[in-house]
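Please treat every number below as a calculation from the coordinates, not as lab data. Because the structure is predicted, anything quoted here is derived from the model rather than measured. Glycine gets a Cβ as well: all are built from the backbone with ideal geometry, and neighbour counts include every protein chain shown.
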Amino acid sequence: MESEPDSQNIVLAAQIAVKETAKFYGSIFVRMVSDYALEFEADKLKEKPPEAIQGLEEITNYIIANLDRYPRGYNSLIYGIAKADSELQGSSGSGSRRAAYSGIKSVLEGSGLLNSIIGTTEDVFEADCKAQEIIKAVKTAVPARHIRGENNQVITVVSNCAYRDACDALLNEGILRLAGGVECIYLIITIFGAEIITKKHLDYKLDEFGEPECRGRIFEV
């Protein structure tokens, strides 16, 4: 059985994603994400948001310092990204995609292996497998099954997803994809791993949002 991912590594990748996305939205994005993430994290810790904590760096440190109490603290930043994006655009859209791309790119680049696999295949399933191997090596992979589908698609099945807290909160608040439907943090991250390698434009569809499994697919567009 695969173990939980390294929470601190994912928190730091999410922090990079916020900074990169702020280049698109400006500093207001960082402020909004920080505020929403702090509220989310404090709620999970069952305490009031500390008034002394302000800004992205401090909220990131707060999350990391409390990983023993809430091991999936990266959900706080992920929720903050999607909620800020929805507030600025009316739905979870280009900002969330930019953040996911920045986050997964930072993980792949940090491995030192990315340049050796870029452009090595146009097969989406093969590219996904290569990306997943790197993500596993740096301990940021979420346990899931990836299955080759028809027409160069990849079918994914995720049980007890590490990002479920963020997805549940977004769904409860009615925050959906710009294209319609439920946002899937796992799938949006997965498509960019394969995109970076194949240099193709990919998208995803969440076919089943359930307990304990979620099922979806990624495909060319």
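Mind giving me the nanometre distance, one decimal, between the label points for ASP207 and LEU176, set 7 Å out from Cα along Cα→Cβ?
2.0 nm
On full extension of the chain, what length is gained from LYS46 through SER111, given 0.36 nm per residue of separation minus the C-alpha to C-alpha distance?
Values: separation 65, 0.36 × 65 = 23.40 nm, distance 3.54 nm.
So the extension gain works out to 19.9 nm.
Calculated from DSSP H runs of 4 or more alone, at -39500 (n - 2.57) each and per residue, what is the 222 nm mean residue ellipticity of the chain, nearest 500? Let's see the in-between values first.
Details: 8 runs with 118 residues, N = 221.
About -17500 deg cm²/dmol.
In the chain, what % of DSSP beta bridges are antiparallel (nearest 5)? Don't skip to the end; give the middle numbers.
Working: 18 of 19 bridges.
The answer is about 95 percent antiparallel.
About its Cα centre, how strong a charge dipole does region 7-220 have in debye, to the nearest 20, once Lys and Arg get +1 and Asp and Glu get -1 at the Cβ? Walk me through the numbers before you get to the answer.
Values: 24 positive and 30 negative charges, 66 e Å.
Dipole magnitude for region 7-220 comes out near 320 debye.
Working out 0.36 nm times the residue gap between ARG148 and LEU67, then minus their Cα-Cα distance, what length gain in nm do you get to one decimal? Walk me through the intermediate numbers first.
Numbers: separation 81, 0.36 × 81 = 29.16 nm, distance 3.49 nm.
Fully extending the segment from ARG148 to LEU67 adds 25.7 nm.
Could you put ASP43, ASP35, ASP128, ASP85 in order, starting from the residue whose Cβ has the fewest other Cβ atoms within 10 Å? Write out the running numbers ahead of the final one.
Working: ASP43 14, ASP35 17, ASP128 24, ASP85 28.
Fewest-to-most Cβ neighbours within 10 Å comes out as ASP43, ASP35, ASP128, ASP85.
Give the total of Lys-Lys pairs in the chain with Cα-Cα distances below 14 Å; include a pair only if its members are 8 or more places apart or on different chains.
On the way: LYS19/LYS105; LYS105/LYS130; LYS105/LYS199; LYS130/LYS199.
Pairs that pass both the separation and distance tests number 4.
May I have the extent of the alpha carbons of the chain along their three principal axes, as whole Å values ordered from largest to smallest?
For the chain, the Cα extents along the three principal axes come out at 51, 37, 36 Å.
Taking the Cα centre of the chain as the origin and placing charges on Cβ (Lys, Arg +1; Asp, Glu -1), which of THR198, PHE29, ILE175 is farthest toward the positive end of the dipole?
THR198
For CYS129, CYS214, what ranking results if the residue with the fewest other Cβ atoms within 10 Å of its Cβ goes first?
Numbers: CYS129 17, CYS214 24.
By the 10 Å Cβ count, ascending: CYS129, CYS214.
Just flag the trypsin sites (Lys or Arg not before Pro) in region 87-169 sitting in loop per DSSP whose Cβ has no more than 16 other Cβ atoms within 10 Å. Write out the running numbers ahead of the final one.
Details: sites: ARG97, ARG98, LYS105, LYS130, LYS136, LYS139, ARG145, ARG148, ARG164; in loops: LYS139.
Answer by residue number: LYS139.
Treat the count of other C-beta atoms within 10 Å as a stand-in for reagent exposure and order HIS146, HIS201 from fewest to most.
Numbers: HIS146 17, HIS201 9.
With the sparsest Cβ surroundings first, the list reads HIS201, HIS146.
Filter the GluC sites (Glu not before Pro) in region 2-53 down to the DSSP loop ones having no more than 10 other Cβ atoms within 10 Å, then list what survives. Kindly include the intermediate steps, with their values, before the conclusion.
Working: sites: GLU2, GLU20, GLU39, GLU41, GLU47, GLU51; in loops: GLU2, GLU47, GLU51.
Within region 2-53, the qualifying GluC sites (Glu not before Pro) (loop, at most 10 other Cβ atoms within 10 Å) are GLU2, GLU51.
What does the charge count near VAL124 come to, summing +1 for each Lys or Arg and -1 for each Asp or Glu among other residues with Cβ under 13 Å from its Cβ? Before the final figure, lay out each step's value.
Values: positive: LYS130, ARG148, LYS199, LYS200, ARG217; negative: GLU122, ASP123, GLU126, ASP128, GLU150, GLU195, ASP203, GLU220.
With Lys, Arg at +1 and Asp, Glu at -1, the net is -3.
Normalising by the residue count of the chain, find the relative contact order in percent from Cα pairs under 8 Å and 6+ residues apart. Could the numbers behind the result be given before it?
Values: 362 pairs, mean separation 48.0, N = 221.
In percent, rounded to a whole number, it is 22.
Give a residue-ordered list of calculated ³J(HN,Hα) values for region 200-217 (Karplus: 6.51 cos²θ - 1.76 cosθ + 1.60, θ = phi - 60°; whole Hz; x for Gly, Pro).
Residue by residue, region 200-217 yields 9, 8, 10, 9, 9, 9, 8, 8, 8, 10, x, 10, x, 10, 10, 10, x, 8 Hz.
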